[in-house]
1. Of (1) in contact with a Leu (Cβ under 7 Å, 6 or more places away or on another chain); (2) in a strand (DSSP E or B); (3) among the hydrophobic types (A, V, I, L, M, F, W, C), V365 satisfies all except one. Which?
2. When you go through S400, S373 one by one, which is the residue that is more than 21 Å from R198 (Cα to Cα), assigned by TED's automatic domain parsing to the domain that holds D467 and small (G, A, S)?
3. Looking at P316, P281, which is the one that is free of Cβ contacts under 8 Å to residues at least 24 places away in the same chain and either under 26 Å from S140 (Cα atoms) or in a helix (DSSP H, G or I) (or both)?
4. Just one of (1) at pLDDT 95 or above; (2) outside any loop (DSSP other than H, G, I, E, B); (3) buried (at least 17 other Cβ atoms within 10 Å of the Cβ); (4) among the small types (G, A, S) trips up A352, so point out which.
5. Out of the residues in segment 89-98 that are within 20 Å of the chain's Cα centre (by Cα) and in a loop (DSSP other than H, G, I, E, B), state the one that is modelled with the highest pLDDT.
6. Where the second residue is in a helix (DSSP H, G or I) and at pLDDT 95 or above and the first is of a type in the set (D, E) and lies in segment 438-455, which pairs have Cβ atoms under 9 Å and are six or more apart or on separate chains?
7. Can you confirm whether L259 is assigned to a loop (DSSP other than H, G, I, E, B), closer than 30 Å to Y236 by Cβ and either hydrophobic (A, V, I, L, M, F, W, C) or touching a residue at least 24 places away in the same chain (Cβ under 8 Å) (or both)?
Amino acid sequence: MKRRALIMWLAMGIAASAWLPGVRAQEPGGDKGTSVTAVERKNRAPVSKEILRVQLPEPKAIKLANGLTVLVLERHELPTVTLALWVETGALADPKDLPGLATFTAEMLREGTARRASAQLAAEVDDIGATLNSSAEFGSSVSTISASGLVDNLDKILDLMSDVVLNPTFPTEELEKYKTRQLAELEQNRSDPDFLSREKFFQVLYRDFPAAVISPTPDSVKRVTVEQFKRFHEQYYAPNNAILGVAGDVTLERLRPLLEKYFGAWTNRPVTQPSLRVLSPPAAKKIYLVDRPKSVQTNIVAGDYAVRRSDPDFIPLSVMNRILGGGPTGRLFLNLREEKGYTYGAYSYFTADVYRGPWIASTEVRNNVTDGSMHELMAEFKRIRDEKVPEGELDDARRSIVASFALSLEQPATLLRYAMTVKYYDLPEDYYNRYPEEVAKVTPEIVQRMAQKYVDLDHLQVVCVGDGSQIKSVLEKYGPVEVYDTEGKPVAEKAAAAGKSGR
């Protein structure tokens, strides 16, 4: 067994290296060798200027009689299997007066079915060393049910997975336990500056759009019922409203009868997708202070709208973001941490879905360097907009993105996610085959154009969580400031109400 494991590990390492830029077989009649005396050492690894060429395995696509779309990606390196079901309705479909319904429904799928109680379901998953998870993240357009395990247990895994999808009962006793956990978590969130900063940021960025909500409320947790779960499940969990992806040591011939056995009885029915509101135009720049007395640090979050996943700006924006704050080599990290020592980290990122996701830059700093940190953040935003990025810095960013992409191709679950992303967002079929080439096409001019378009200083929304008595006057240097308490209530209104009650 040890020898087999070692062989498998070496084979995976060789396969990974084949995807890396600059790693290829030596061509006949190629390099004859160079004297070491002629080598100039630059303290950098040698790299190739050639563009990485990849040909991702194409999934086999079938559709069951009930309308369920299935993508099968055969990967026979390891005796494992990964499954993911995307139901094409997520938290964006939550009723306005019941935030969290999609999340509650997804998470309660595992708490009991018509055939298995919650404890029995968990025990059967554990007995075969498998995983079974379900979720519907706030701001997402899908609900996800995923499973994985050894391919020898594929029949059992499909049995368990289909059971929670087709036959959930949402038991009342398990719902009461779930509510208790949720209410405790919500109470804890109110003391978490990271949560408070994200909550206020999404509220002010998205306003009346569903993505403004990042968590349930105590009221929605208390009011939700088993009947509401069942209605939501009946309304959206249908085979013609879902994509099932399977990757691993399987063949379509083996898989097809199992899919018919476990998902064939899933009833096809019409699904009406919720109509998403049109995003409001970007609001004028403003700073929102969430006053958290006695905080010793300031959590800073700044950003604006980014792109849809199908937007052609997605890849060039990824390159711009990598340069600005996409990791420990980004300008924000190098400036605020390495040069100034203001923080342990400063980063930026963006997300994309069927609507324009957010672009966000964030950091956590000591109170006494809030002013300096705000100054440096704004200076870096302005610099990437006003100055073309040097070719060397751009080349490092492009190479880093492509290298990460190349390494990701060794994971069947990642390859499956890529295939499902192409299907769900209707991207070109060769999207990921061309990905390295598209990254390589990004020029300094394109980076600057992305920065000027998405790092919009006139519409930047900035949220700071900290001790208002120490940082409010500092923040006023950078724009108009509105103050809120940790419950999300405007402090001015709160003070006015207190004054009236005291008369």
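The values are calculated or read from the model by the stated rules, or taken from the named source; none is laboratory data. Since we're looking at a predicted model, the values are computed, not measured. Every residue, glycine as well, gets a Cβ built from its backbone with ideal geometry; the counts of neighbours run over all protein chains shown.
1. Evaluating V365 over (1) in contact with a Leu (Cβ under 7 Å, 6 or more places away or on another chain); (2) in a strand (DSSP E or B); (3) among the hydrophobic types (A, V, I, L, M, F, W, C) leaves (1) as the failure.
2. Working: S373 fails: more than 21 Å from R198 (Cα to Cα).
Only one candidate passes the filter, namely S400.
3. Working: P316 fails: free of Cβ contacts under 8 Å to residues at least 24 places away in the same chain.
Criteria check complete, one pass: P281.
4. (2)
5. Once the filter is applied, the top-ranked residue is D94.
6. Going by the 9 Å Cβ cut-off, the qualifying pairs are E438/I315; E438/P316.
7. Details: assigned to a loop (DSSP other than H, G, I, E, B): no; closer than 30 Å to Y236 by Cβ: yes; either hydrophobic (A, V, I, L, M, F, W, C) or touching a residue at least 24 places away in the same chain (Cβ under 8 Å) (or both): yes.
No: the conditions fail for L259.
Here is a yes/no grid of residues against (1) under 22 Å from N299 (Cα atoms); (2) modelled with pLDDT under 95:
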{"residue": "P412", "(1), (2)": "no, yes"}
{"residue": "Y431", "(1), (2)": "no, no"}
{"residue": "V439", "(1), (2)": "no, no"}
{"residue": "V455", "(1), (2)": "yes, no"}
